[in-house]
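Student: Take a look at this one; I'll ask things after.
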Amino acid sequence: MRTETRPMPKRVRSSDKTMKLLIKAKLPSLNEYQDACRANKFRGAKMKADVDETIGWFIRSAMQKGLLKPTDKPCRYRFVWHERTYRRDPDNICSAKKFIFNALQKQGVIPKDSRKYVKGFTDDFEDSDIDFVEVEIEEV
């Protein structure tokens, strides 16, 4: 997993009902995660732990900046996946949202990633010079 140090889009302040999270890293696709799990059960577990730690760092950073706060309300999510190349299929790219939901729960932003709290999500894909993910969380 690579993190980027190039300039990112301007930060947008969160409103009372909408929060923003920017993950400045290329998250693994479903194929990459499955390959790791098939190669060795410890490799798959290590990959998941590394991804959780990376996303957790961005969550904590967003919370410190006031862009993200814990909520116990149901939310809708909008994921914007920025990719440098066309090598990965959209369905493989967006499978990383599972890692994001788990990290949001682990960091205490959402109580659970169940249907009680996750009311829906959309995925958009954009070409970019760098790989990163924008997550918009709207309380409903």
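The values are calculated or read from the model by the stated rules, or taken from the named source; none is laboratory data. Since the model is a prediction, treat every value here as computed from it, not as a measurement. Glycine gets a Cβ as well: all are built from the backbone with ideal geometry, and neighbour counts include every protein chain shown. We work out accessible area using only protein heavy atoms, side chains counted, and drop any ligands, DNA or RNA first. Shrake-Rupley method; radii C 1.70, N 1.55, O 1.52, S 1.80 Å.
Student: So, in the range 6-43, how many residues would count as being of a type in the set (S, T, N, Q), modelled with pLDDT of 50 or more and either within 30 Å of THR71 (Cα to Cα) or in contact with a strand residue (DSSP E or B) (Cβ under 9 Å, 6 or more places away or on another chain) (or both)?
Tutor: Residues in the range 6-43 being of a type in the set (S, T, N, Q), modelled with pLDDT of 50 or more and either within 30 Å of THR71 (Cα to Cα) or in contact with a strand residue (DSSP E or B) (Cβ under 9 Å, 6 or more places away or on another chain) (or both): 3 in total.
Student: Mind checking which pairs have a first residue in the range 19-37 that is within 15 Å of ASP52 (Cβ to Cβ) and a second that is open to solvent by 70 Å² or more (accessible area, probe 1.4 Å) and assigned to a strand (DSSP E or B), Cβ under 9 Å, 6 or more apart or different chains?
Tutor: Between residues of the range 19-37 that are within 15 Å of ASP52 (Cβ to Cβ) and residues that are open to solvent by 70 Å² or more (accessible area, probe 1.4 Å) and assigned to a strand (DSSP E or B), the close pairs are ALA25/THR3.
Student: For the subset of the range 90-135 comprising residues that are open to solvent by 50 Å² or more (accessible area, probe 1.4 Å), in a loop (DSSP other than H, G, I, E, B) and without any contact (Cβ under 8 Å) to a residue 12 or more places away in the chain, which member is nearest to GLN64 (Cα to Cα)?
Tutor: It comes out as LYS112.
Student: Within the range 23-45, does at least one residue satisfy the condition of being polar (S, T, N, Q) and in a helix (DSSP H, G or I)?
Tutor: Yes, the conditions are met somewhere in the range 23-45.
Student: Going residue by residue through the range 52-66, is there one that turns out to be modelled with pLDDT of 95 or more, in contact with an Asp or Glu (Cβ under 6 Å, 6 or more places away or on another chain) and either farther than 17 Å from ALA25 by Cβ or not in a loop (DSSP other than H, G, I, E, B) (or both)?
Tutor: Scanning the range 52-66, I find no residue that is modelled with pLDDT of 95 or more, in contact with an Asp or Glu (Cβ under 6 Å, 6 or more places away or on another chain) and either farther than 17 Å from ALA25 by Cβ or not in a loop (DSSP other than H, G, I, E, B) (or both), so the answer is no.
Student: Go through ALA96, ALA103 for me and flag whichever is small (Gly, Ala, Ser) and under 21 Å from PHE125 (Cα atoms).
Tutor: The match here is ALA96.
Student: Condition check: without any contact (Cβ under 8 Å) to a residue 60 or more places away in the chain, outside any strand (DSSP E or B) and of a type in the set (Val, Ile, Thr). Does VAL80 satisfy that?
Tutor: no
Student: Quick check: is even one residue across the range 47-66 of a type outside the set (Phe, Trp, Tyr), open to solvent by less than 80 Å² (accessible area, probe 1.4 Å) and in contact (Cβ under 8 Å) with a residue 60 or more places away in the chain?
Tutor: no
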